[in-house]
Amino acid sequence: MCHYPRFRPFDIDQALYLFNELREQDPFRIENMDTFSNLLYVRSMKPELSYLAHNLVEIDKYRVETCCVIGNYYSLRSQHEKAALYFQRALKLNPRCLGAWTLMGHEYMEMKNTSAAIQAYRHAIEVNKRDYRAWYGLGQTYEILKMPFYSLYYYRKAHHLRPNDSRMLVALGECYEKLSQQVEAKKCYWRAYSVGDVERMALLKLAKLHEQLNESDDAAQCYIIYIQDIFSCGEQLEHAEVSTALRYLGQYYFKNKLYDEASLCAQRCCDYNDAREEGKALLRQISAVREQGEPSSTDLSLPCVFNPLINTTTPVRRASPLHLSSVTP
């Protein structure tokens with residue numbers, strides 16, 4: 001499935017509900033159904049998208065909206081050549097259809113046809129210079145082409161248009177990392193988390209960057225906040241990266257002689273296939289240390305990941321360990 005932005009982040013469930021109500025009141029309506037299909041696509045609702053496409057073909061198969069809906073349907077089925085064909089048909093009907101240019105760029109990206117994708121995105125920008133999706137798409141295209149300076153330029157354009165969109169900020173952070181501008185990357189990742197991380201990746205990337213820079217305390221704090229957020233939403237089984245965070249924290253606590261916390265992390269690691277063996281090994285290490293009579297540390301300044309998990313409410317976000325939460329790159 002395509003991972004390029006097809007819409008602005010908002011309450012998708014509410015939007016889907018309103019579109020369904022609209023179709024009940026006006027079943028022959030075609031206007032705005034391309035936007036409805038974008039929402040169905042994002043939620044991977046294949047049967048509903050298929051029904052919508054067939055329904056619009058029966059009403060009027062020569063409408064731009066109908067072609068875009070069919071294009072989204074084929075894209076969701078990973079039939080990207082057919083999807084691109086229908087977006088091309090939409091553009092023959094209306095060469096200034098912004099959405100069709102952008103979506104066709106996405107399809108060309110899926111087909112690894114970067115030159116055609118660049119051309120499509122540039123056409124979208126010619127139609128509307130404020131289309132953040134096209135700027136973002138160009139950034140991704142040049143990132144694939146391993147041209148980070150170009151990529152950074154286009155991501156900055158997208159961020160300027162969507163300053164509080166975490167996806168733009170994470171993309172900027174990744175770009176800065178590739179250019180060895182770690183301080184700027186840290187700012188972007190923390191800002192992405194602060195504005196509401198749509199993909200729940202910003203803290204992980206920030207934690208891994210701290211790891212690479214041997215900033216263990218900051219890395220641990222980021223992993224702790226990440227785990228607290230995931231567990232508070234009841235989504236821990238859906239996030240494979242939880243095991244990565246638990247592995248790191250287990251070793252972090254063990255090195256700091258917080259054996260109770262390390263043991264809890266190791267036990268949680270055993271819930272994940274990719275971390276089970278490491279969890280068992282850490283438990284054996286902790287058991288061996290305790291048998292030797294080595295006492296646990298009493299350092300209260302080190303954070304603990306599990307205390308807040310007793311509370312089921314969403315944790316309050318802490319002050320930035322980088323003191324950069326108010327900085328926009």
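The values are calculated or read from the model by the stated rules, or taken from the named source; none is laboratory data. Nothing here was measured: the structure is a model prediction, and the numbers come from that model. Cβ: placed from backbone, ideal geometry, glycine included. Neighbour counts: every protein chain shown. Side chains included, ligands, DNA and RNA excluded: accessible areas come from the protein's heavy atoms. Shrake-Rupley method; radii C 1.70, N 1.55, O 1.52, S 1.80 Å.
Any chance you could count how many residues in the stretch 54-78 are open to solvent by 50 Å² or more (accessible area, probe 1.4 Å) and aromatic (Phe, Trp, Tyr)? Reasoning before the result, please.
Step one: list which residues in the stretch 54-78 are open to solvent by 50 Å² or more (accessible area, probe 1.4 Å), which gives 54, 57-63, 77-78.
Checking which are aromatic (Phe, Trp, Tyr) leaves us with 62.
Counting residues in the stretch 54-78 that are open to solvent by 50 Å² or more (accessible area, probe 1.4 Å) and aromatic (Phe, Trp, Tyr) gives 1.
Here are some residues: SER287, SER296, SER301. Which one is in a helix (DSSP H, G or I) and either modelled with pLDDT under 95 or surrounded by 22 or more Cβ atoms within 10 Å (Cβ to Cβ) (or both)? Even if it seems obvious, please write down each step before you answer.
Working: SER296 fails: in a helix (DSSP H, G or I); SER301 fails: in a helix (DSSP H, G or I).
Unique residue meeting the criteria: SER287.
For residues that are closer than 15 Å to MET168 by Cβ and of a type outside the set (D, E, K, R), scanning just the stretch 143-157, find the one that is farthest from the chain's Cα centre (by Cα). Steps first, answer last, please.
Quick first cut of the stretch 143-157, residues closer than 15 Å to MET168 by Cβ only: 143, 151-157.
Keeping just the survivors that are of a type outside the set (D, E, K, R) gives 151-155.
Numbers: SER151: 18, LEU152: 18, TYR153: 20, TYR154: 18, TYR155: 15 Å.
Selected residue: TYR153.
Let's see how each residue does on (1) out of contact with any helix residue (DSSP H, G or I) (no Cβ under 8 Å at 6 or more places or on another chain); (2) of a type outside the set (Lys, Arg); (3) assigned to a helix (DSSP H, G or I):
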| position | (1), (2), (3) |
| --- | --- |
| ASP197 | no, yes, no |
| ALA207 | no, yes, yes |
| ASP218 | no, yes, yes |
| VAL242 | no, yes, yes |
| GLY250 | no, yes, yes |
| ALA281 | yes, yes, yes |
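Having 1 or more residues that are open to solvent by 70 Å² or more (accessible area, probe 1.4 Å) is the bar; report the helices (runs of 4 or more DSSP H) wholly within the stretch 79-133 that clear it. Walk me through how you get there before you give the answer.
Numbers: elements: 80-93, 98-110, 114-127.
It comes to 80-93, 114-127.
Scan the stretch 40-51 residue by residue and report those that are within 18 Å of GLN14 (Cβ to Cβ), at pLDDT 95 or above and part of a helix (DSSP H, G or I).
LEU40, TYR41, GLU48
Determine whether GLU143 is in a helix (DSSP H, G or I), open to solvent by 10 Å² or more (accessible area, probe 1.4 Å) and out of contact with any Ser or Thr (no Cβ under 9 Å at 6 or more places or on another chain).
On the way: in a helix (DSSP H, G or I): yes; open to solvent by 10 Å² or more (accessible area, probe 1.4 Å): yes; out of contact with any Ser or Thr (no Cβ under 9 Å at 6 or more places or on another chain): no.
Considered against the rule, which asks whether it is in a helix (DSSP H, G or I), open to solvent by 10 Å² or more (accessible area, probe 1.4 Å) and out of contact with any Ser or Thr (no Cβ under 9 Å at 6 or more places or on another chain), GLU143 comes out as no.
One line per residue, one yes/no per condition, for (1) of a type in the set (Val, Ile, Thr); (2) at pLDDT below 95; (3) over 28 Å from ASP34 (Cβ atoms):
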site	(1), (2), (3)
THR102	yes, no, no
MET111	no, no, no
ALA120	no, no, no
HIS160	no, no, no
LEU169	no, no, no
CYS175	no, no, yes
LEU179	no, no, yes
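Do any residues in the stretch 183-203 that are open to solvent by less than 10 Å² (accessible area, probe 1.4 Å) have Cβ atoms under 7 Å from those of residues that are among the basic types (Lys, Arg), where the two are at least six apart or on different chains, and which pairs are they?
Qualifying pairs under 7 Å: TYR189/LYS205.
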